[in-house]
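Chemist: Dumping the structure here so I can ask a few things about it.
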Amino acid sequence: MPYTLFQGGRRRRRRRAPAVLAIVALLAAAAAVVFLIAERRDGGSGTAAKAPALRQAAGGLGLEPLAGGGTAPSPLAVRLEQGGDPVRARFKHMPRAGLLFDIDTGRVLWRHQPTRVLPIASLTKMMTALVVTDRVKRGARVPITREALRYQGSGVGLLPRGKRIRIDTMLNGLLLPSGNDAAIALAQRAAGTVPRFVDAMNARARRMGLLCSRFSSPHGFEDRGNHSCASDLAAIARAVLRVPRLARIVRSREAVLPFPIKGGKLYLYNSNPLLRQGYRGLTGMKTGYTDAAGRCFVATARRGAVKLGVVLLHSPDTAGQARRLLDRGFAVERR
């Protein structure tokens, strides 16, 4: 029968001053980033006032600051430095942070606290998917370990211990029902251990020029030390859509896959509320929820040549707010 799954100092010599100053600048920049991370380890809220500190840290390293804490070259960073957002939207109960952006150009159409550092729950799994596809070839299989079956929160729930499951099946389990069990198994397959995989996640974030983001798990179930901001998440979403195998998964309403269980098939359903509501042109992408993070959502859609994305963090109405922002964005871009 089908199985339906739910997401439940300072001293210097004159002739060496330039070298010393360069070293001090590097240390200061590193300290700024470490301070930010340490300050946010509890997963609590940050403020937009942190954005200048992020950019100053990047500048101290001699890199050109871009939106979302990105640094050049970082083609995925959204363009927060461009003002005059064309979309105006106020909600009775605002999300703690949000962003509406053009997927192709990175142009920002609407923003609310886009560099505010916040816990992100299962939106973490977008980065997990990127690192897995970087490290694990198509056709590979993922062993189901005892650790994976000790997951908490949402899961695929039917993973048979000791079996080796196709990588694409596990990626579907990661991104559709948001399986924490799938996240653990994939992390172990890609890096050997979960801690090493988390290191790889943070290394990729650095390569992408993301300074709001830090990851402490492959699934985001624990909020402590796991955070990002709307602008970083927009860059991550743009990266996901550039990986065809991931883009196909996140736009799927459901997946029916061969699986070593009774009946031989695994039925997976996407937790994306706009997909379930039939929102026209929807192409993805991911939901998330914990008590600290609240309801989080990244949605992407395309109508004609216009491709838009929205990020909402700690929103009281992810589907309603995302729909309203996307509708207004498409109306503006068609003019």
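The values are calculated or read from the model by the stated rules, or taken from the named source; none is laboratory data. The model shown is predicted, which means the values in this text are computed figures rather than measured ones. Cβ atoms come from the backbone with ideal geometry, glycine included; neighbour counts cover every protein chain shown. Heads up: the accessible areas ignore ligands, DNA and RNA and are worked out on the full protein's heavy atoms, side chains in. Shrake-Rupley method; radii C 1.70, N 1.55, O 1.52, S 1.80 Å.
Chemist: Can you tell me which residue among ARG146, ARG141, ARG189 is of a type in the set (Lys, Arg) and in contact with a Lys or Arg (Cβ under 6 Å, 6 or more places away or on another chain)?
Modeler: Exactly one residue qualifies, and that residue is ARG141.
Chemist: Just to be sure, is GLY106 farther than 23 Å from LEU241 by Cα and at pLDDT below 95?
Modeler: Considered against the rule, which asks whether it is farther than 23 Å from LEU241 by Cα and at pLDDT below 95, GLY106 comes out as no.
Chemist: Kindly indicate whether any position in the range 108-119 is open to solvent by 20 Å² or more (accessible area, probe 1.4 Å) and over 28 Å from ARG295 (Cβ atoms).
Modeler: no
Chemist: A further question follows. Hey, any hits in the range 169-187 for a residue that's closer than 24 Å to GLY288 by Cα and surrounded by fewer than 18 Cβ atoms within 10 Å (Cβ to Cβ)?
Modeler: no
Chemist: Still on this structure, I have one more. Would it be correct to say that GLY192 is out of contact with any Pro (no Cβ under 9 Å at 6 or more places or on another chain) and open to solvent by 40 Å² or more (accessible area, probe 1.4 Å)?
Modeler: Yes; evaluated as a whole, the condition is true for this residue.
Chemist: I've got another one for you. Quick check: anything in the range 154-164 crowded, with 24+ Cβ neighbours inside 10 Å and under 14 Å from LEU123 (Cα atoms)?
Modeler: yes
Chemist: Could you look through the range 247-287, keep only residues that are small (Gly, Ala, Ser) and open to solvent by 40 Å² or more (accessible area, probe 1.4 Å), and pick out the one that is farthest from LEU123 (Cα to Cα)?
Modeler: Once the filter is applied, the top-ranked residue is GLY263.
Chemist: Using the structure shown, decide if ALA237 is in contact with a Gly (Cβ under 9 Å, 6 or more places away or on another chain) and open to solvent by less than 10 Å² (accessible area, probe 1.4 Å).
Modeler: Yes; evaluated as a whole, the condition is true for this residue.
Chemist: How about the range 103-133: which of its residues are over 18 Å from the mean Cα position of the chain (by Cα) and not β-branched (Val, Ile, Thr)?
Modeler: ARG107, LEU109, TRP110
Chemist: Hey, another quick one. Going through ALA187, ALA129 one at a time, which residue ends up being out of contact with any Phe, Trp or Tyr (no Cβ under 6 Å at 6 or more places or on another chain) and modelled with pLDDT of 95 or more?
Modeler: ALA129
Chemist: What tally of residues in the range 294-312 results from selecting those that are closer than 20 Å to GLY220 by Cα and surrounded by fewer than 24 Cβ atoms within 10 Å (Cβ to Cβ)?
Modeler: Total satisfying the criteria: 2.
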